[in-house]
Amino acid sequence: MKVGVIGGGAAGFFAAIHVKENYPNADVSILEKSKKFLSKVKVSGGGRCNVTNACSSISELSKAYPRGGKQLKKIFPQFYTKHTQDWFESREVPLVTQEDQCIFPVSQDSQTIIDCFMHEVERLGIKLITQVGISSIEIKEAFYILKSKDDATFEFDKVIIATGGSPKLQGLKWLEQLGHKIENPVPSLFTFNMPHEPIKELMGVVVEKAITRIKGEKLSADGPLLITHWGMSGPAILVLSAFGARLLEEKSYSFTVQVNWVNELNQQLVQDELTSLSKEFAEKQLKNIRPYYLPTRLWIFLLEKVELDPERRWNEIGKKGINKLLNILTNDQYSVHGKTTFKEEFVTCGGVSLDSINPKTMESKACPGLFFAGEVLDIDAITGGYNFQAAWTTGFVAAKLGEK
Ligand SMILES: Cc1cc2nc3c(=O)[nH]c(=O)nc-3n(C[C@H](O)[C@H](O)[C@H](O)COP(=O)(O)OP(=O)(O)OC[C@H]3O[C@@H](n4cnc5c(N)ncnc54)[C@H](O)[C@@H]3O)c2cc1C
């Protein structure tokens, strides 16, 4: 049996290795359009490669995927975070879990992961072919004929497509022509630009736990929020960008973000806290008593935003002052115009629709014997090693070639 894997990235390598392990007699090739394999793995996680996440609950894990979580939940039992850790560690790649649950190689170097894959590929006798960009697939009887842009042809019995995310719809046309539904690709995982907001002057300020929301929408997120020289970043923003990827594209990236700086949705509790501070520290200046341990620069900025002089005393602001503070702490608003890529780390929302594949096997419904793995599918996650986990899981399942 000849098996062709199109795309030499994370999903393609993982799939090819497992095809060969499942079918030792198969003749397996990886066809890669560029000169180099695994180039995203190389730059991933700031060059350290966040291979997976320590989350070991399948239902929690699937919540990290704005698109595809429901389908992944069904196949995670076959291969999820725990298996990923065992897989690398049993191949002499020790891993370390950070406080934020992200898992990296102990070497803190993505090259370790690449070396591991290259070693496996050599050990198993998988053929590696570079500079072959497949542009069309033809089905002839039981064979798949792959054609490259420069007219080279390859014949396989089974094919796994692992070509990664395509930022443009045009790049997915060849897969649409085979009968697959395509979800329009749009970027996910970005930070918010606030060109007209003075809060940018506070760049570098971090609030450990904030709640963010898109005004007029149900979408919300929580987590650390970082003020940058162009606007806002940090998990509380990136998670909104991922879950709102399509919605925010429809809004042309112009919208209002609401920030609850104190991570407390119960307004009454915040009001009680402010009232009690105003009594306990009645004679102290506003600037010297920060509610909820807010960073000093942010607290002064917020006081000035609601026109409360930071030099005033807590017993001078009255009910009106408390209400102003309550409002700014729980429902501060900023206008967003545009987006910026987060540390060059972006993923594509959209791709081959999961409606077009059998979620149990990753096999195409339109073309039996053709499988998909990785970001080419309409699957993507927030940051934290979840995107690679989707590549490993779908690659592992596709590699069964519908049989095992
Ligand atoms: C800078 C950056 C950092 C990241 N860091 C992390 C991280 O630390 N942790 C994490 O979980 N996720 C991270 N991600 C996301 C993660 O890299 C991707 O989700 C993952 O690489 C997807 O794997 P893939 O194999 O599906 O696609 P890719 O890695 O994109 O691989 C696809 C391959 O297919 C090739 N190809 C495309 N079209 C064709 C064709 N027609 N013919 C032949 N070959 C083709 C491409 O050249 C490429 O080599 C990061 C992303 C970026 C951009």
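A few points about this structure:
- With respect to the conditions (1) in contact (Cβ under 8 Å) with a residue 40 or more places away in the chain; (2) of a type in the set (Ser, Thr, Tyr); (3) over 16 Å from THR394 (Cα atoms), SER59 falls short on a single one, namely (1).
- Of all the residues in segment 14-56, those that are in contact with a Leu (Cβ under 7 Å, 6 or more places away or on another chain), part of a helix (DSSP H, G or I) and closer than 15 Å to ASN387 by Cβ number 0.
- Extreme residue, farthest from the ligand (Cβ to nearest atom), among residues of segment 183-219 that are acidic (Asp, Glu) and over 23 Å from the mean Cα position of the chain (by Cα): GLU201
- Filtered residues of segment 243-279 (kept if basic (Lys, Arg) and either closer than 15 Å to GLY321 by Cα or surrounded by 17 or more Cβ atoms within 10 Å (Cβ to Cβ) (or both)): LYS279
- Annotation: of all residues in segment 25-74 being of a type in the set (A, V, I, L, M) and over 18 Å from GLY12 (Cβ atoms), the one that is nearest to the ligand (Cβ to nearest atom) is ALA64.
- Residue count for segment 361-379, restricted to those that are more than 7 Å from the ligand (Cβ to nearest atom), of a type outside the set (Ser, Thr, Tyr) and outside any loop (DSSP other than H, G, I, E, B): 5
- So THR341, is it surrounded by 15 or more Cβ atoms within 10 Å (Cβ to Cβ) and among the polar types (S, T, N, Q): no
- With respect to the conditions (1) near the ligand (Cβ under 9 Å from one of its atoms); (2) farther than 14 Å from ILE160 by Cβ; (3) out of contact with any Lys or Arg (no Cβ under 6 Å at 6 or more places or on another chain), THR394 lacks only one, and its number is (2).
- Within segment 62-82, restricting attention to residues that are without any contact (Cβ under 8 Å) to a residue 24 or more places away in the chain, not small (Gly, Ala, Ser) and not in a loop (DSSP other than H, G, I, E, B), the residue that is surrounded by the most Cβ atoms within 10 Å (Cβ to Cβ) is LYS73.
- Given (1) without any contact (Cβ under 8 Å) to a residue 12 or more places away in the chain; (2) within 28 Å of LEU370 (Cβ to Cβ), index of the condition ILE134 fails: (1)
- SER107 fulfils the conditions (1) touching a residue at least 24 places away in the same chain (Cβ under 8 Å); (2) out of contact with any strand residue (DSSP E or B) (no Cβ under 9 Å at 6 or more places or on another chain); (3) surrounded by 14 or more Cβ atoms within 10 Å (Cβ to Cβ) except for a single criterion, (1).
- Being aliphatic (A, V, I, L, M) and part of a helix (DSSP H, G or I) holds for only one residue in LEU274, LEU265, and it is LEU274.
- Against the test of being not acidic (Asp, Glu) and not in a helix (DSSP H, G or I), the options LEU308, LEU302, LEU325 yield a single qualifying residue, LEU308.
- The residues in segment 83-119 that are assigned to a loop (DSSP other than H, G, I, E, B) and not basic (Lys, Arg) can be counted, and the count is 13.
- Residue match in segment 173-182 (condition: within 14 Å of the ligand (Cβ to nearest atom), surrounded by fewer than 16 Cβ atoms within 10 Å (Cβ to Cβ), closer than 26 Å to ILE17 by Cβ and not hydroxyl-bearing (Ser, Thr, Tyr)): no
- For the criterion of being of a type in the set (Val, Ile, Thr), modelled with pLDDT under 95, surrounded by 15 or more Cβ atoms within 10 Å (Cβ to Cβ) and part of a strand (DSSP E or B), ILE145 fails.
- Of the numbered criteria (1) assigned to a helix (DSSP H, G or I); (2) away from the ligand (no atom under 16 Å from the Cβ), the one GLN389 fails is (2).
Residue by residue, here is whether (1) under 16 Å from the mean Cα position of the chain (by Cα); (2) farther than 29 Å from GLN131 by Cβ; (3) buried (at least 21 other Cβ atoms within 10 Å of the Cβ) holds:
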residue	(1), (2), (3)
HIS18	no, no, yes
VAL28	no, no, yes
LYS33	no, no, no
LYS36	no, no, no
CYS49	yes, no, yes
SER57	no, yes, no
GLN85	no, yes, no
ARG91	no, no, no
THR97	no, yes, no
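- Within the span defined as segment 280-303, every residue fails to be modelled with pLDDT of 95 or more, crowded, with 19+ Cβ neighbours inside 10 Å, out of contact with any Asp or Glu (no Cβ under 8 Å at 6 or more places or on another chain) and acidic (Asp, Glu).
The values are calculated or read from the model by the stated rules, or taken from the named source; none is laboratory data. It should be emphasised that the depicted structure is a prediction, and the values quoted were computed from it without experimental measurement. Here Cβ is always computed from backbone atoms with ideal geometry, including for glycine, and neighbour counts include all displayed protein chains.
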